[in-house]
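Below: one structure, written as structure tokens.
Every read-out reported here was derived from the displayed coordinates using simple, explicitly stated rules and does not represent laboratory data. Everything numeric in this text was worked out from a predicted model, so none of it was measured. Here Cβ is always computed from backbone atoms with ideal geometry, including for glycine, and neighbour counts include all displayed protein chains.
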Amino acid sequence: MRYDVVIVGAGVAGCATALAIKKVNKSLRVAIIERNKSIENPFKIGETLPPQTSKQFQNLNIWEAFLSCNFSSSYGTSSLWGSNELYTNEYIFSPYGYGWNLDRNRFDQFMMEQAKLKAVDFYFNTSCVSSELENSQWQLECESDFKKVFVTASFVVDASGKKAAFSTLQGIKKVKSDKQVGIYRFYDVKQDNEVKVKEGIVVETNENGWWYSATLPNHKLVLGYMTDSDLANDLKIKSAANFDTLLQETKITRERTISFKTKTTPFLVAAQTQYLSTSVGEGWLAVGDAASSYDPISSLGIYKSLVMSQWASFAIIDSLKKVENGLKKYNHLIKQDFQLYEEKRLGYYQQEKRFSEAIFWKRRHYN
């Protein structure tokens, strides 16, 4: 199998990068390889889109198609952060209008379908196990259904998320700024309950971290508690009983679950801030969470992937044309973007002064 560009990872970042490449040059042969058998995951995290995402969909020429999915609107975020009073940031003041609450599996399927419409090939249940650059061509050895598959590519994109699978194959180091995790549960509305929960996102802090909850399509709610991995172990919060005990200590978050019945047991998801020592190399680059992953408080995971995909497309085209500075410019953009993010993240965490002596907050007040 021979391609101009092979993308490792069929998530949002991978599909968006394929779309961005095809927009610049539709004749390029692009393939996406994905280690899982499908992109479906009933407990996938990343459920909201900020209003400014509309601009990125327009840039990728998928705006009208996205609107036709009819995802539910999100009109703002409420928080108990740095104050005992509830503060609401309403999107009505955004020049881009409202945001969206996603059925995440349906959204990921939408992105994949858009890529397929542009003649992007997909190979599921396929993992890249070794790579070698020979005469400006990548020779990739992959495994699919316990069989070896060999793929040749002029350029490789790492869109494998926090694992940064291809980048680590090249010996690139992942740099972690913290050890934050999220412990999540999904809830369904009680069948016999007519109490309507206010839609949107709510964030609420406490001594050891902060709570996140968001209403989802199909009468669902996702609830997460963000803390550090060592604190999560001390709290034993993966226990359903301990999770519920901690939840009952909240001021407003617990009220959102009254109309719901528990659907899942608590499960843990890595949520650390992380970046690669370099996001580029000869004939390859990393995009999305593989290049850098943000704190969930930013709610910018999907948005960042969409933006990066377009930066990446220009760098890839330059590389294929043997233009030397394209990859350097891309790496500079990734580093600059991450530095701006870290400054904003520090400032935001410093707004919460009520728990300044607690270890979770100390770790974030003095980065």
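Structure above, values below:
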read-out	value
Ratio of Rg to Rh over the range 180-270 (Cα coordinates, Kirkwood Rh, two decimals)	0.95
Cβ crowding within 10 Å averaged over residues, with 295-302, 6-13, 132-139 ranked highest first	6-13, 295-302, 132-139
Square roots of 5 times each gyration tensor eigenvalue, C-alpha, the chain, largest first, Å	36, 22, 20
Relative contact order %, the chain, counting alpha carbon pairs below 8 Å whose residues are six or more apart	21 percent
More than 24 Å apart - percent of Cα-Cα pairs taken over the range 144-301	48 percent
Per residue convex hull volume, Cα atoms of the range 235-301, in Å³	142 Å³
The range 254-367 - Debye-derived log10 I(q)/I(0), Cα point model, q = 0.13, 0.16, 0.18, 0.22 Å⁻¹	-0.67, -0.85, -0.96, -1.17
Whole-percent pair-distance distribution, where bins are 5 Å wide, for the alpha carbons of the range 1-116	2, 10, 17, 19, 17, 13, 9, 6, 3, 2, 1, 0
Karplus-derived 3J(HN,Hα), 6.51/-1.76/1.60, for each residue of the range 224-237, Hz, glycine and proline x	x, 10, 9, 7, 8, 4, 5, 6, 4, 5, 4, 7, 6, 6
In nm, spacing of pseudo-spin labels at I252 and K116 (7 Å Cα→C-beta vector)	4.2 nm
Cα gyration tensor category, rounded, prolate or oblate, for the range 1-63 with a/c compared to 1.5	oblate
Sequence-distant lysines (8 or more away, or on other chains) whose Cα lies within less than 20 Å of K335	K162, K163, K173, K174, K176, K304, K344
Nearest-20 debye value, the chain charge dipole, Cβ charges on Lys, Arg, Asp, Glu	320 debye
Sites S38 and Q137 - FRET efficiency at Förster radius 45 Å, r taken between beta-carbons, to 0.05	0.90
At least 24 Å along the helix axis (C-alpha) and Kyte average at least -1.0, DSSP helices within the chain	301-320
